[in-house]
Structure formats: structure tokens, C-alpha cells
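Encoded as C-alpha cells, the structure appears first; notes follow it.
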Amino acid sequence: MSKFLQFLSDITHIHHRAAFTDVKKRTTPETSAFLKLAQERYSCRSFADAEVAQADIDQILEAARLAPTAMNRQPVHVWVIKSKEAMEKLGKTTQYLYGAPVVFLVACKKEDAWVRKYDGKNGAEVDASIVGTHIMMEAADLGLGSVWVGSFDPAKVLELFPELAGYEPVVLFPVGIPAGGPGINHGKRIKKEKFASEL
Ligand SMILES: Cc1cc2nc3c(=O)[nH]c(=O)nc-3n(C[C@H](O)[C@H](O)[C@H](O)COP(=O)(O)O)c2cc1C
């Protein structure tokens, strides 16, 4: 093969890798690390009395930062709640912190988000949900427990945390070292036939 062709071949290979279409990366249900993680992740509602390492917090934030958003508008901000004072305030807005040592609060700014022209639907909450999902899955990949908490008083969050001015809180994630296993709903999922259809 000519040097030029070799060069083109290398470029194509590099391009393929960058585009994540490299056939060598393909997995099966048996080998997919993500599928295994999705099966093993559960809502953790009991945490050890131990800190989460700053390196783990940073890794979770990096996974969150990489999440896709509509038109790449990135209308999402994450607050990391760790201090006793902030945790006590947050505890006044929900009963579902489960004594976790750290909580990730995901909020979105509607005015920064993409809006669908056909019906005016604002994409901020969908974007925040994707960021939240990255937080949840990265925490699981680190062997940490987490739970998606949607049951909190958003008005109270805004009142107690003026730092969130202009944002809408979407989800809280208590995170810590797991001290309890899955709840009764884990693994209870509707059957494939009911969940997905072909048209
Ligand atoms: C949008 C959303 C809101 C949720 N809110 C709460 C909550 O406020 N408190 C809680 O303990 N769990 C909450 N959960 C966790 C669900 O109850 C849990 O994911 C579901 O029962 C399945 O269990 P699993 O995550 O262990 O598989 C929430 C989950 C989602 C996706």
C-alpha cells in the first residue's frame, strides 16, 4: 500500500475511532459493561457514615458535564451539597436525603434552553434529566450508591438557596457508600413486549 493510502487509512481509522463507530468497540448483551451497570444499579436508600472522596465527586461531575443537551445549549448547573449547614437547609425541603454525605442538586435555566418551534416545548428539564442520568450511572460505576430524588419542595429550595436564582431545581441525588441493598421495586420492570413496539 502506498504511503498516501496508508495515511488515508490511518486518518479513516482515527476518524472512525473518534466517531465511536470502530467495529472493535461493539459489544453483545454478554459483554456490554453499560448493560451490566444498568442491571446492577439500584436506588440506594442507606449510606455508610463515610465521606465520598473528592476525586469521586470530580469524576461524577465530569460525567455530568459531558452529557448531551438540546442544540448544545447546556442550560444545566449542578450544585454539590456537602457542608453541614447546606445539608441541614436541604433537609428542610425533602425527607429523602437518607443521611447521605453528599447530595448533587441538578437545576436548569429555562431561558437558556432550546425551545421546540412546533409546540414551544422547553428542553431544559429533559437536558437536566440527561445530566442527572450521567450522575447516577457514574456514581454506580464508582461503586457508590445514589437515588434519584424528585420529591422535594422546589420553592423551598429556591428560598433557602439564593445561589439558585434563575434556576429550576429538577433532581437531587444523595450519594455515598452503600449500606443497604436494592428496594422492592428494583428489577421490577414491565416486559419487553409492553415496553417497546415496532411500527
Ligand atoms: C423521576 C424520579 C423520581 C424519583 N423520586 C424519588 C424520591 O423522591 N424518593 C425516593 O426514595 N426515590 C425516588 N425515585 C427512585 C424510584 O423510586 C426508583 O428508581 C424505582 O422505584 C426503581 O427502583 P430502582 O431504581 O432501585 O431500580 C425516583 C426515581 C425517578 C426516576
Please compute the net charge surrounding Leu158, taking Lys and Arg as +1 and Asp and Glu as -1 over other residues with Cβ under 12 Å from its Cβ.
-2
Over 27 Å between C-alpha atoms is what I'm after, so list which of Lys36/Lys121; Lys36/Lys109; Lys121/Lys156 land there.
Lys36/Lys121; Lys36/Lys109
Report the residue, chosen from Thr27, Thr93, Thr69, that carries the largest GNM mean-square fluctuation when the chain is represented by alpha-carbon nodes joined by springs under 10 Å.
Thr27
Suppose R0 equals 41 Å; then what is the FRET efficiency for Ala50 and Arg116 from their Cβ-Cβ distance, rounded to the nearest 0.05?
0.40
Given points 7 Å out from each Cα along the Cα-Cβ axis, report the Lys156 to Ser83 separation in nanometres with one decimal.
2.1 nm
Reduced to Cα centres, the span from the stretch 150-186 to the stretch 75-107 in Å works out to 6 Å
Net charge near Ala63, counting Lys/Arg +1 and Asp/Glu -1 over other residues with Cβ under 13 Å of its Cβ?
-4
Strictly greater than 18 Å: what percent of every Cα pair in the stretch 119-192 meets that?
57 percent
Could you pull out the GluC sites (Glu not before Pro) across the stretch 98-199 that fall in loop regions by DSSP (anything but H, G, I, E, B) with no more than 14 other Cβ atoms inside 10 Å?
Glu198
Can you give me the distance in nm between label points at Asp141 and Lys36, each placed 7 Å from the Cα along the Cα-to-Cβ direction?
1.4 nm
Averaging 1/r across every pair of distinct alpha carbons in the chain and inverting yields a Kirkwood hydrodynamic radius, in angstrom, of 19.2 Å
Let me check I've understood the local charge: for Gly145, count other residues with C-beta under 11 angstrom from its C-beta, Lys and Arg +1, Asp and Glu -1. What total comes out?
+2
Rel. contact order, % - alpha carbon contacts under 8 angstrom, at least six apart, the chain:
29 percent
From Cα coordinates alone, what are the radius of gyration and Dmax values for the stretch 37-108 in angstrom?
13.9, 41
Between Met71 and Ala165, what's the calculated FRET efficiency when r is the beta-carbon distance and R0 is 25 Å? Round to 0.05.
0.55
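None of the figures in this text is laboratory data; all of them are computed from the coordinates on show. Because the structure is predicted, anything quoted here is derived from the model rather than measured. Backbone-built Cβ (ideal geometry, glycine too); neighbour counts: all protein chains shown.
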